[in-house]
Amino acid sequence: MSHLVVLPILLPLAAAALLLVLTQQGIVAQRCVAVTTTLACCAASLLLTFAAMEGDPSAYRVGDWPAPFGIMLVVDRLSATLLLLTDVVALASLFYAFQGVDRQGRHFHALFQFQLVGIHGAFLTGDLFNLFVFFEILLIASYCLLLHGGGEERLRAALHYVVLNLIGSTIFLVAIGAIYGVTGALNMAHIAMRIRELAPQDAAIVRAAGLLAFIVFALKAAIVPIHFWLPRAYPAATAPVAAFFAIMTKVGIYCIIRVSTLMFGADAGVGSELFAAWLVPVALLTQLLAVLGALASRDLRRLSSYLLINSVGVMLVGVGLFSQTGLTSALYYLVHSTLTIAAMFLLADHVTRSRGEVGDRLEQGPPFARSGLLGLGFLFGAVGMIGLPPLSGFLGKAGILIATPLHTTGILVWCVMLGGGFLALLACVRAGSTVFWDTTPGVAPAAIGYHQAAVAGGAGIPFLSAMPWLMLLFATTLLTVFGGRAMELAAATAEQLLEPASYLLSVLPAR
């Protein structure tokens, strides 16, 4: 694997620096650099995924310093899969931005690449402090991307987003300091080894620090009750930014999975009950409030935001079971939901530009161009997010339900997931029928049809503007068609996570 591990960080970092220089050279040069870099990241992530699926985790020693003294990058099945998923969503979002969104600010493409650096680094890093560093990189880039294009609504949403994440960063730094003060380690594998040797009084401090870290990860993942920033921020962002942000919540979920299985696993001797006691109840509450928010949504972007929060709740139920079947289904559903939600944000913007003044609001409007294609796309995405057969969302949800033991909590899980799915169905039916069927009779098509909006924004051929979200929905179709193979890979990933010995040996081979 050699230096391939570091490429997902170095490539976008170099591209971001180059793009800062090219801001005066025109948008075409910036687009060429951005798309070339993102395609190269996709290729590197694909190679890393193939390599990770064939064997044990691989550790990369930056500067050739051995652990636990040097900076470590670690690639296992989970991190490689999320790298590839990130790059696929980034590529689709980037192509959609070429329709004119990237012209609304000078540094869009540089910020986009810095965001890739932060997300890739968060998935690859092997120590807590560098996780904090990559958090800050992706957050600073996301602050600017959220404000891209300007406007009062974006400014208000960004203010809440920035303040909450600054608080979260402070809490995370306190948690890291507490863990380091007790264990004397920052490398996650090294911490996992040290935790097993702690005295009872030190174990209490580590448990408290773990809970603080969980709060921060919950904020990143938009888990109830600290989810309220997401339904404000994502609808306010431009469509390609919102679609790209679909992977941001997965950074929080990734951290929960990584920390709970590696550092606070069942054999850690301390804190093994920390995540298990909280995850499932919080996940069920997240689902319940999310579907109620979806029912109350007044536009497609806000509806997509609440469906995203609902999907986080579904995934965390599978993670919180801490079983092979539950984690397998959660990982499969993670890939499905990320692709589908990203497509829904892009589709909502397509609808907005097609309906003229009505936009994507859930109210009666005039007929509009390509309503059939957009309607079918919305139907496909909604069925996937609700979890109806035969799409991949159903396979993921069904696997989580099958993995849930039928005791008191298990019955509650079944009730919330099935009842939440029904309420999400009602929300999507209401939205789809209002936008695509309930058109104003006797009124000419929207004054600003999609073709005119495309020309104004530099989008070019109208049908090609739909290709990014069609590509994402096609990827979910492949996930359904090859569901058996995808589930096998997810099962191998879950097995590796639940038995972290191979991870520990790859990072600390001499211990």
Answer yes if at least one residue in region 117-129 is assigned to a loop (DSSP other than H, G, I, E, B), modelled with pLDDT under 95 and under 22 Å from Gly210 (Cα atoms), and no otherwise.
yes
Enumeration of residues in region 212-239 that are open to solvent by 40 Å² or more (accessible area, probe 1.4 Å) and either at pLDDT below 90 or not aliphatic (A, V, I, L, M) (or both)
Pro225, Phe228, Arg232
Within region 65-83, how many residues are of a type outside the set (Val, Ile, Thr) and crowded, with 22+ Cβ neighbours inside 10 Å?
10
For Val335, are the conditions met, namely being farther than 18 Å from Thr408 by Cα, open to solvent by 10 Å² or more (accessible area, probe 1.4 Å), touching a residue at least 12 places away in the same chain (Cβ under 8 Å) and β-branched (Val, Ile, Thr)?
yes
How do the pairs read when you match residues in region 14-43 that are at pLDDT 95 or above with residues anywhere that are among the hydroxyl-bearing types (Ser, Thr, Tyr), using Cβ under 7 Å and keeping only pairs 6 or more apart or on different chains?
Ala15/Thr37
List the residue pairs whose Cβ atoms are under 6 Å apart, where the first residue sits in region 465-492 and is more than 20 Å from Asp87 (Cα to Cα) and small (Gly, Ala, Ser), the second is surrounded by 23 or more Cβ atoms within 10 Å (Cβ to Cβ) and modelled with pLDDT of 95 or more, and the two are 6 or more positions apart or on different chains.
Ala491/Thr328
Of the candidates Ala427, Ala466, Ala446, Ala454, the one satisfying the condition of being open to solvent by less than 20 Å² (accessible area, probe 1.4 Å) and modelled with pLDDT of 95 or more is Ala427
One residue from Gly419, Gly393 being in a helix (DSSP H, G or I) and within 16 Å of Ala330 (Cβ to Cβ)
Gly393
The residue that is surrounded by the fewest Cβ atoms within 10 Å (Cβ to Cβ), considering only those in region 1-58 that are in contact with a strand residue (DSSP E or B) (Cβ under 6 Å, 6 or more places away or on another chain) and outside any helix (DSSP H, G or I), is Met1
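The values are calculated or read from the model by the stated rules, or taken from the named source; none is laboratory data. It should be emphasised that the depicted structure is a prediction, and the values quoted were computed from it without experimental measurement. Please note: Cβ atoms are built from the backbone with ideal geometry, for glycine as well, and neighbour counts cover all protein chains shown. For the accessible areas, the whole protein counts, side chains as well, though only heavy atoms, and no ligand, DNA or RNA atoms are used. Shrake-Rupley method; radii C 1.70, N 1.55, O 1.52, S 1.80 Å.
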